[in-house]
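S.K.: Please read through the structure below; I'll follow up with questions.
The values are calculated or read from the model by the stated rules, or taken from the named source; none is laboratory data. Owing to the predicted nature of the structure, the values given are computational and were not obtained by experimental measurement. Cβ: placed from backbone, ideal geometry, glycine included. Neighbour counts: every protein chain shown. SASA here: full protein model, heavy atoms, side chains in, ligands and nucleic acids out. Shrake-Rupley method; radii C 1.70, N 1.55, O 1.52, S 1.80 Å.
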Amino acid sequence: MKELSKKVLEGDIRAASRLIRNLEDQIPNTYIAMQEIFGKTGNAHVVGITGAPGAGKSTLTDELICAYRKKGDTVGVLAVDPTSPFSGGALLGDRIRMLRHAEDTGVFIRSLATRGAMGGISKAVGEAIHVMDVLKKSKIIVETVGVGQQEVDIINHAHTVAVVLVPGMGDEIQALKAGLMEIADIFIINKADRDGAGKLYKETLNMVNMSKDNKNGAQGWRIPVLLVESVLEPIKFAESVEALRDKIDEHYQYLIDNDLLSERMRRKTTAELNEALWGTILQPILKDLHADGEINRLVDKLLTKASDPYSLAAEVASKYMK
Ligand SMILES: Nc1nc2c(ncn2[C@@H]2O[C@H](COP(=O)(O)OP(=O)(O)OP(=O)(O)O)[C@@H](O)[C@H]2O)c(=O)[nH]1
Ligand SMILES: [Mg+2]
């Protein structure tokens, strides 16, 4: 593992890929490599692109890579894929699409699939970001599907979060209002060729303007709403994605200028510590309880009302935490 991290720190792409695969597969000793690289992380600007399945996130990301390369940035892309039964096609599509960056050493693209282990994916995402960071990618784009509870908590990983909305989801905006305003730094209205894109743009703008309580306080960031041109108009599309790139970078500069970057770093790092604590303390206990069937005996006690969850948790704690 130390050998692996050494290679990664030297910029070895294959070693980096292997390390990310190990993280994904939750190979037990991977933390040793992560211990070695942690000290060198924290330099990249991490950008989250999130939205419903099929919203056009990968198409945007692909173009955003071009926009950043044009500006001289190096780019890491992490496509997080929690919808395993359907992912085959989508991931394959992404690979073909992003193949045009394959020869470019300034671009490093990897996908990460959910393995269903509790808390596992979010942890792996944070760690894979670290790997891309030590590969000295200046922009790391993390694509996550969906805005909801099963979603990777992108806000714990990204400095800038762009939420992609598409027309044709009707009343969704109403339902999502509260949640989205919390996490979005930028709204993107995508698939401009579709009916209702203009309407969605106006609605979203209204939503942003009406929210008095700006999450970043008095000197707050006004969440911009960007209408990205349709991918069917390649030249206009490229131009509007460059505008998106500039908006994303403006947000990063805003965080720096207002001393908010350190706040986000603190949040990111706190989440990371939480995950490490979970992984080191709780996960082995759960594994143990599941392994010898003790968990079923505990659940039986609850079903027969012989005990309650709080008492059982206290019992388990006293057994393991000495
Ligand atoms: N009409 C139209 N289709 C688009 C546009 N952008 C992307 N698409 C299409 O929408 C489909 C989904 O695009 P993706 O970029 O794979 O979307 P995604 O959000 O990454 O999808 P998942 O990762 O599967 O959630 C593809 O068939 C794209 O070609 C657009 O501007 N207009
Ligand atoms: Mg995608």
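S.K.: Quick one: check the C-alpha center-to-center distance for the range 241-283 versus the range 1-70, whole angstrom.
M.R.: Going from one Cα centre to the other spans 15 Å.
S.K.: Here is a follow-up. What residues qualify as long-range amide H neighbours of Leu226, i.e. H under 5 Å apart, gap of 5 or more or another chain, H built at 1.01 Å from N?
M.R.: Phe187, Ile188, Ile189
S.K.: Work out Dmax and Rg for the range 275-320 from the C-alpha atoms and quote the Rg first, both in angstrom.
M.R.: Calculated on Cα positions, Rg and Dmax stand at 11.3, 35 Å.
S.K.: For every other residue with a beta carbon closer than 10 angstrom to the beta carbon of Thr74, add +1 if it is Lys or Arg and -1 if Asp or Glu, then tell me the sum.
M.R.: Counting the neighbours of Thr74, the net charge comes to +2.
S.K.: 7 Å from Cα along Cα→Cβ at both Glu103 and Asp288: what's the point-to-point distance in nm?
M.R.: 5.6 nm
S.K.: Among Met321, Met265, what's the order by accessible area (1.4 angstrom probe), most exposed first?
M.R.: The most accessible residue leads, giving Met321, Met265.
S.K.: If I take R0 = 51 Å and measure r between the Cβ atoms of Asn296 and Leu261 in this structure, what FRET efficiency does the formula 1/(1 + (r/R0)^6) give, to the nearest 0.05?
M.R.: Rounded to the nearest 0.05, the efficiency is 0.60.
S.K.: Determine, from the Cβ-Cβ distance of Asp193 and Ile281 and an R0 of 56 Å, the FRET efficiency 1/(1 + (r/R0)^6), rounded to the nearest 0.05.
M.R.: Taking R0 as 56 Å, the efficiency between Asp193 and Ile281 is 0.65.
S.K.: Round to a whole number: what % of the accessible area of the range 1-75 belongs to carbon and sulfur, probe 1.4 Å?
M.R.: 48 percent
S.K.: Follow-up question, since we're still on this one. For the pair Asn274 and Asn209, what calculated FRET efficiency results from E = 1/(1 + (r/R0)^6), where r is the Cβ-Cβ distance and R0 = 41 Å, to the nearest 0.05?
M.R.: The computed FRET efficiency comes out at 0.75.
S.K.: Follow-up. In square angstrom, what is the accessible area per residue of the range 275-320 with a 1.4 angstrom probe?
M.R.: 71 Å²
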